[in-house]
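Data first, discussion second: the structure below is written as structure tokens.
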Amino acid sequence: MKILTFAGSLRKDSLNKKLCGVVSDIVKKNNLADIEFIDLQPLNIPVYDGDIESSTGIPAGVQQLAQKINEANALIICTPEYNGSIPGILKNTIDWLSRQKPVSLTGKPALLLAASPGALGGVRSLWHSRQPFDVLGTQLYPEMMGVGKAHETITADKTLSDAKLQANLERLVKDYITHAKKLI
């Protein structure tokens with residue numbers, strides 16, 4: 001099984017990119033699947049504009065991401081929370097991916113996670129992020145998880161400093177992968 005993970009953030013030191021690293025480490029240490037991280041920042045995905053699509057087609061970065069999604073059996077997406085909702089980069093990426101046919105997200109199992117410096121851990125973003133994925137037919141895992149105070153909780157050795165939170169994340173990732181394997 002091959003999993004693709006990415007963060008709905010462009011920033012180099014993004015907490016959600018770091019959370020992707022924690023998840024990747026869990027998957028690798030437990031031999032659960034092959035996992036690959038893709039950074040959206042170097043893909044240079046422009047703001048969705050129908051005029052761009054009409055004049056030059058789907059941007060190369062979107063095509064590259066869609067190809068990676070097509071090659072994966074499942075997705076794990078870590079998203080920040082911007083003003084209590086889905087970050088623009090994630091929504092924009094979904095909008096571009098929806099323009100390429102067939103839509104790479106359709107039918108793909110996905111787990112949504114969030115990391116935030118706030119106490120809620122990005123949970124509000126998770127609920128808003130579900131909507132566009134659901135509309136596109138992505139098979140969203142029902143359980144989600146937010147990591148609060150992530151700037152303190154995510155360690156340099158790709159774990160969570162709170163043992164109970166780390167155990168909960170490991171259980172969730174294992175349960176999700178078990179579920180996703182049944183769908184492929």
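The values are calculated or read from the model by the stated rules, or taken from the named source; none is laboratory data. Here the structure is a predicted model, which is why all the values come from computation and not from measurement. Using ideal geometry, Cβ is built from the backbone for each residue, glycine included, and neighbour counts are taken over all protein chains shown. These accessible areas exclude ligands, DNA and RNA; they are computed on the full protein's heavy atoms, side chains included. Shrake-Rupley method; radii C 1.70, N 1.55, O 1.52, S 1.80 Å.
If only residues of segment 1-50 that are among the polar types (S, T, N, Q) and farther than 20 Å from I94 by Cα are counted, the one that is surrounded by the most Cβ atoms within 10 Å (Cβ to Cβ) is S24. When the test is whether a residue is modelled with pLDDT of 95 or more and open to solvent by 10 Å² or more (accessible area, probe 1.4 Å), I154 passes it.
Only one entry in E71, E53 is surrounded by fewer than 17 Cβ atoms within 10 Å (Cβ to Cβ), acidic (D, E), more than 19 Å from K17 (Cα to Cα) and touching a residue at least 60 places away in the same chain (Cβ under 8 Å), namely E71. When K101, K91 are checked against the criterion of being within 15 Å of the chain's Cα centre (by Cα), open to solvent by 40 Å² or more (accessible area, probe 1.4 Å) and under 20 Å from L65 (Cβ atoms), K91 stands alone in meeting it. Filtering segment 109-157 to residues that are of a type in the set (S, T, N, Q), in contact with a helix residue (DSSP H, G or I) (Cβ under 9 Å, 6 or more places away or on another chain) and not in a strand (DSSP E or B) leaves S116, S125, S129, T138, T153, T155.
Taking the criterion of being over 20 Å from L169 (Cβ atoms) and of a type outside the set (D, E), the residues of segment 124-157 that qualify are H128, Q131, P132, F133, V135, L136, G137, T138, Q139.
L172 passes every criterion in (1) open to solvent by less than 20 Å² (accessible area, probe 1.4 Å); (2) in contact with a Ser or Thr (Cβ under 7 Å, 6 or more places away or on another chain); (3) closer than 18 Å to L4 by Cα apart from (2).
For segment 159-177, name all the residues that are β-branched (V, I, T) and outside any helix (DSSP H, G or I). Of everything in segment 159-177, just one residue is β-branched (V, I, T) and outside any helix (DSSP H, G or I), namely T159.
The single residue among G137, G107, G121 that is touching a Gly at 6+ places or on another chain (Cβ under 7 Å), surrounded by fewer than 13 Cβ atoms within 10 Å (Cβ to Cβ), on the phi > 0 side of the Ramachandran plot and in contact (Cβ under 8 Å) with a residue 24 or more places away in the chain turns out to be G137. The residues in segment 1-31 that are part of a loop (DSSP other than H, G, I, E, B) and farther than 16 Å from T159 by Cβ can be counted, and the count is 9.
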